[in-house]
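Notes follow the structure.
The values are calculated or read from the model by the stated rules, or taken from the named source; none is laboratory data. In this text the structure is predicted, and so the values were computed from the model without any measurement. Virtual Cβ from ideal backbone geometry, glycine too; neighbours counted across all protein chains shown.
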Amino acid sequence: MEYCIEVAGLAYQFGDKTPVLQDIQLKVPQGAIYGFLGPNGAGKTTTLRLIIGLLRMQTGSVQILGQSFRQHRLNILQQTGCLIESPAIYEHLSAADNLQVLQRVYRCPKSNIMEALQTVGLEAVHHKKAGQFSLGMKQRLALAMAILHRPRLLILDEPTNGLDPNGIIEMRTLLKKINREQGVSILISSHLLPEIERLATHVGIISRGRMVFEGSLEQLAGLRQQVRGYLLDTTDNAAALEFLSTQEIPFVTDTDRIQLPALPVAAIVELNGQLVQRGIGVYGIQPVKNDLETIFMDLIQA
């Protein structure tokens, strides 16, 4: 598999404080939408700032688009669009004029300006001052600025922060469109699991400065198949609980249901038989499997 970003052994600390990052290993497949997921303060922004050179690297290596960032920084940045933290928008300028400033920096064709605005749905208000834009429109303008020079790679830090549900949906649709139609690989950080689940093809999860998972969304979802326990339904829960106490089987009662731990299948079969032998009718033994939220919480709390 080809990777557009390869990070190995990345570590960082501010002064003599506790390390912010420890041995970060991260690989973004070419053409993927890679969701970099973790709670606030986990180290996502620091990692992205190191990847694109906004912080001086202390330990580790970064390769982007097949080249060492240390040795080919300028060439890599010419092919990379970034949106880290707050977008640098001139609010007294129109949307088109904001892009024109960058167009001169990138020395890309002027036609790219309207093309980028059209991609993010702002062509109709290209003459309007950015200061009059809503937060969602400002985020779309910032995205237009990031794709102005037609990059091969986008690195976005929490681009849906502060947006209302409609704005989040619009941003998600835009990113999928850019990825699909322009073939742009995207690395996007977020602390919102449901959003990454709807957007990403691959996921990396960071917690307290360490990577705790990396793989495809299907691999993450595959952890759902793990059984966390069972829900037991009987005709006489009081008698069932009394029997379970004698067997030293841990249990939790939840309203009218009994929660059992993740026992082996053979043990569940035997338990069922023993309850029936004692005249306790069993009309339900339901396995409880992981959901993505539970998986995420388990990983970041480990």
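Annotations
- All of Leu174, Leu244 fail the test of being closer than 30 Å to Gly279 by Cα, in a helix (DSSP H, G or I) and not charged (D, E, K, R), apart from Leu244.
- You will find that of Gln259, Gln301, Gln247, the residue that is within 25 Å of the chain's Cα centre (by Cα), polar (S, T, N, Q) and not assigned by TED's automatic domain parsing to the domain that holds Ile169 is Gln301 and no other.
- Each residue in region 183-201 was checked for being within 20 Å of Asp164 (Cβ to Cβ) and either free of Cβ contacts under 8 Å to residues at least 24 places away in the same chain or outside any strand (DSSP E or B) (or both), and 9 pass.
- Tallying residues that are in contact with a helix residue (DSSP H, G or I) (Cβ under 7 Å, 6 or more places away or on another chain) and β-branched (Val, Ile, Thr) within region 6-30 yields 3.
- A count restricted to region 124-144 and to residues that are under 17 Å from Ile178 (Cβ atoms) and in contact with a strand residue (DSSP E or B) (Cβ under 8 Å, 6 or more places away or on another chain) stands at 2.
- Scanning region 58-71 for residues that are buried (at least 16 other Cβ atoms within 10 Å of the Cβ) and part of a loop (DSSP other than H, G, I, E, B) gives Leu65, Phe69.
- When each of Gly209, Gly204 is tested for being touching a residue at least 60 places away in the same chain (Cβ under 8 Å), within 26 Å of Leu292 (Cα to Cα), touching a Gly at 6+ places or on another chain (Cβ under 6 Å) and among the small types (Gly, Ala, Ser), the lone residue that passes is Gly209.
- Residue count for region 1-55, restricted to those that are touching a Cys at 6+ places or on another chain (Cβ under 9 Å) and of a type in the set (Gly, Ala, Ser): 2
- When residues of region 174-214 are limited to those that are of a type in the set (Gly, Ala, Ser) and surrounded by 15 or more Cβ atoms within 10 Å (Cβ to Cβ), the one nearest to Ile24 (Cα to Cα): Gly209
- Taken over region 12-36, the criterion of being among the aliphatic types (A, V, I, L, M) and under 17 Å from Ile84 (Cβ atoms) is satisfied by Val20, Leu21, Ile24, Leu26, Val28.
- Members of region 97-152 found to be in contact (Cβ under 8 Å) with a residue 12 or more places away in the chain and among the β-branched types (Val, Ile, Thr), listed by number: Ile113, Thr119, Val120, Val125, Ile147
- For region 139-165, the set of residues classified as more than 20 Å from His191 (Cβ to Cβ) and either surrounded by fewer than 19 Cβ atoms within 10 Å (Cβ to Cβ) or touching a helix residue (DSSP H, G or I) at 6+ places or on another chain (Cβ under 6 Å) (or both) consists of Leu141, Ala144, Met145, Ile147, Leu148, His149, Arg150, Arg152, listed by residue number.
- Tally, over region 230-262, of residues that are at pLDDT 85 or above and under 26 Å from Met297 (Cα atoms): 7
Okay, residues lined up against (1) in a helix (DSSP H, G or I); (2) in contact (Cβ under 8 Å) with a residue 60 or more places away in the chain; (3) farther than 30 Å from Ala221 by Cβ:
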position	(1), (2), (3)
Ala238	yes, no, yes
Leu260	no, no, no
Val269	yes, no, no
Gln274	yes, no, yes
Val288	no, yes, no
Glu293	yes, yes, no
Met297	yes, no, no
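- Here the condition is being surrounded by fewer than 17 Cβ atoms within 10 Å (Cβ to Cβ) and at positive phi; of Glu248, Glu293, it holds for Glu248 alone.
- In region 38-65, the residues that are small (Gly, Ala, Ser) and touching a strand residue (DSSP E or B) at 6+ places or on another chain (Cβ under 8 Å): Gly38, Ala42, Gly43, Gly60, Ser61
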